[in-house]
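A short write-up of the structure that comes next.
The values are calculated or read from the model by the stated rules, or taken from the named source; none is laboratory data. What you are looking at is a predicted structure, and each value in this text was computed from that prediction instead of being measured. Here the Cβ positions follow ideal geometry from the backbone for every residue, glycine too, while neighbour counts run over all protein chains shown. For accessibility, only protein heavy atoms count, side chains too; no ligands or nucleic acids. Shrake-Rupley method; radii C 1.70, N 1.55, O 1.52, S 1.80 Å.
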Amino acid sequence: MSERRLGSPLETWGRYGGLVFLAVLCLVPIWVMVGTSFKNEVLIFDGRPVWFFFFPTLDNYEYILTRGKFDRYLVNSIIVGAASTFFTLFFGGLCAYVLARSEFRGRRFVANATLLVRMVPPAVLAVPAFAMVTMFSLKNDLAVLTFFYTALNLPFAIWLLFGFYKQIPMEIEEAAIVDGATAWQVFYRVLLPLMKSGYAVAGIFAFRIAWNEFVLALLLTGRNTRTLPVGAAGFITDTGVEWGRIMAMGTLIVIPPLVFTFFAARQIIAGMTAGAVKG
Amino acid sequence: MAASAAGRLPGRRRPRLDARALTPYWFILPAVLVMAAGLVYPVADALYLSFFDWKIATPFSKADHVGFANYVRMLGDPDVHESLWVTLRFGFWTIVIEMVLGVSLALMLEKPIRGASVFRTIFILPLMVSPVVVGLIWRYLFDARVGWINYYLGLWFGIEPQVWLGVPDLAFFAIVLTDIWQWTPFIFIIVIAGLQALPSEVLEASRIDGANWWQQTFLVKLPMIRSILVIALLMRLIDVFRALEVMYIMTGGGPGRATELLSLHIYNRAFDAQLLGYASAIAVLLIVIVFALSFAILAHGNPMNEKSDV
């Protein structure tokens, strides 16, 4: 067993084999979606899987982009995603900073309550949120959706940013305070530049949640305020099941999260493990 | 707030709160307000609504206050029981399989290897795909007529085509498999991070003492990452109670209630059966379960309780 450290070639190949097998398992369903989105109805309904070699068509994309309200949904998703991410980072950053840096009455309560409300299931929010918007006739207002996404995102963002703030040595701030900086200046001029990657991770998570969220979007939006996931789900009931178009829509929805993954995989993994592995 | 109340008391002098001492509160105020209005208030509202018989078509002002009637009904409602049972079964199978798979894969592949970052990027892809899209993809794969799963089962094993999403047990199997595809990588990533953070001296020492691979794994490594495993398990369990989208897309909870997890059950009761008050009572049950699990996580220590000590 002591030779394990060197790793025999056989073992190395075995490990690579295992990794490739798992990678294929992860990728196949995603490829099925992308591939199907480029197939015509005849090929899809033939029922025989074709993996790579078929004549690709852009018909499905053309239909999605021109006949549906894809542009409307896309704009809505971007507005809600960007706005809720901004507010999450802004408010969450302030809160995380104070939790990481100062002692005050109620600090412990805020820290624990934040962790607790992070777990509130969206299904529990559904009825009260629906009651709220019907009572004040706010249906079709993207601001309401932005508000709820900010609320849903804040706990996790605070948690993540807290960890990043804790890694910055106190001495940096102390030096600034000695030089006469106010609390706000310390935060804005000294800490914020050091926190760029922290905010990037928290921002990716916040945007992803807003971009993917479905239940609240389904309940709180109308014809013109639907977001992309609601639009995609609509394809199943509206027009029968047109797999090519559904998969084209799915592919378009998945592009931003996949782009994030390729550019920031390490940071995303750091964010995911932050909750369980104490750093 | 406390300062002004104390100020009105005669004969009691309190040191004035200076602006500096209030600064932390100004910083946390926006976040706390949004979370209070967007998360805490709805939970309280669900509790309030659970005491009313409120149907979707009537305005709330006409709803009857029914006391604990909704809760009494819930206790004897076979549909709620079934949904709870489905949720527990789903949680059991997905979490057991995901933990076993995720942990064993992590143990096999923990050693640093060239190209690890490429593989890790691929492994988190299922986690990044939006749940609605996951539901759509797997609904297609399990489709009775054009689905790939029927095709390959027939080709390789000669199994007759099945109506996967139309038969209770098969539909349940389908949502379990979908969940395993999406979430096993999560366990894998967390466990591997934990394993690689283990101090190498300890492993070295156990090796020198003659521990074989099994002993090292089960007596040294796994016990040392126990708290990670427990937290991963609790987080997955909470997710099971929050899950809704994938089943909504794949089966809508059916056939019957075979795949109707508790969250989806609440949604269907509220907006399909249109019983908002009754659905709120079930939502209260859900929140109690989720908070109980969250307290179990808190018991493991909240990192945010440690102020910067450096």
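Note on B:Ala205 and A:Arg105: their simple-model spin labels are 4.6 nm apart, each label 7 Å out from Cα toward Cβ.
Counting only alpha carbon atoms, the long axis of helix A:122-135 and the longest principal axis of chain A meet at about 90°. Taking A:Asn76, A:Asn224, A:Asn60 as the candidate residues, the one with maximal mean-square fluctuation in a Gaussian network model of chain A, Cα springs under 10 Å, is A:Asn224.
Ordered from largest to smallest accessible area (heavy atoms of protein chains, 1.4 Å probe), the residues B:His81, B:His300, B:His65 come out as B:His65, B:His81, B:His300.
Sorted by accessible area (1.4 Å probe), largest first, how do A:Asp46, A:Asp141 line up? Before the final figure, lay out each step's value.
Working: A:Asp46 85, A:Asp141 60 Å².
Most to least solvent-accessible, the answer reads A:Asp46, A:Asp141.
Each principal axis of the Cα cloud of the stretch B:80-300 was taken in turn, and the coordinate range along them, longest first, works out to 64, 48, 26 Å.
Using the 1.4 Å probe convention, the accessible area of the protein assembly as shown works out to 46 Å² per residue with neighbouring protein chains retained. Percent of C-alpha pairs per 5 Å bin in the stretch A:85-163, short distances first: 3, 15, 21, 21, 16, 12, 8, 4, 1. Distance from the C-alpha centroid of the stretch B:226-267 to that of the stretch B:88-161: 16 Å, rounded to the whole angstrom.
Close amide H pairs (under 5 Å, H built 1.01 Å from N) link B:Phe52 with B:Val66, residues at least 5 positions away or on another chain.
Counted as membrane-span-like here are DSSP H helices of chain B whose alpha-carbon atoms extend 30 Å or more along the helix's own axis and whose Kyte-Doolittle mean is -1.0 or above; these are B:78-109, B:168-196, B:276-299. Which of B:Leu125, B:Leu262, B:Leu293 moves most in a GNM of chain B, Cα contacts under 10 Å? Maximum among the listed residues: B:Leu125. In degrees from 0 to 90, rounded to the nearest 10, what is the angle of the helix A:142-167 Cα long axis to the longest principal axis of chain A? With rounding to tens, the tilt is 50 degrees.
Of A:Trp51, A:Trp243, A:Trp211, which is the most mobile in a GNM of chain A whose springs link Cα atoms less than 10 angstrom apart? The residue with the greatest mean-square fluctuation here is A:Trp51. Note the angle between two axes, namely the Cα long axis of helix A:196-212 and the longest principal axis of the Cα atoms of chain A, as a number of degrees from 0 to 90, rounded to the nearest 10. The angle comes out near 40 degrees.
With the whole protein complex present, A:Lys139 retains an accessible surface near 90 Å², based on a 1.4 Å probe. For A:Lys166, a cut-off of 19 angstrom between C-alpha atoms picks up these aspartates and glutamates, skipping any fewer than 8 places away in its own chain: A:Glu103, A:Glu174, B:Glu306, B:Asp309. Take B:Arg207: with every protein chain present and a 1.4 Å probe, its accessible area is about 70 Å².
Which value in Å is the Kirkwood Rh of the stretch A:67-274 over different Cα pairs? Please list the in-between numbers first.
Details: mean 1/r = 0.0532 Å⁻¹.
Here the Kirkwood hydrodynamic radius works out to 18.8 Å.
Here the stretch A:112-182 and the stretch A:14-80 have alpha carbon centers that stand 34 Å from each other.
With the Kirkwood sum run over all distinct C-alpha pairs, the stretch A:141-250 has a hydrodynamic radius of 17.0 Å.
Projected area of the protein assembly as shown, taken from the Cα convex hull and averaged over every viewing direction, in nm²? For the protein assembly as shown, the mean projected area of the Cα convex hull comes to 32.9 nm².
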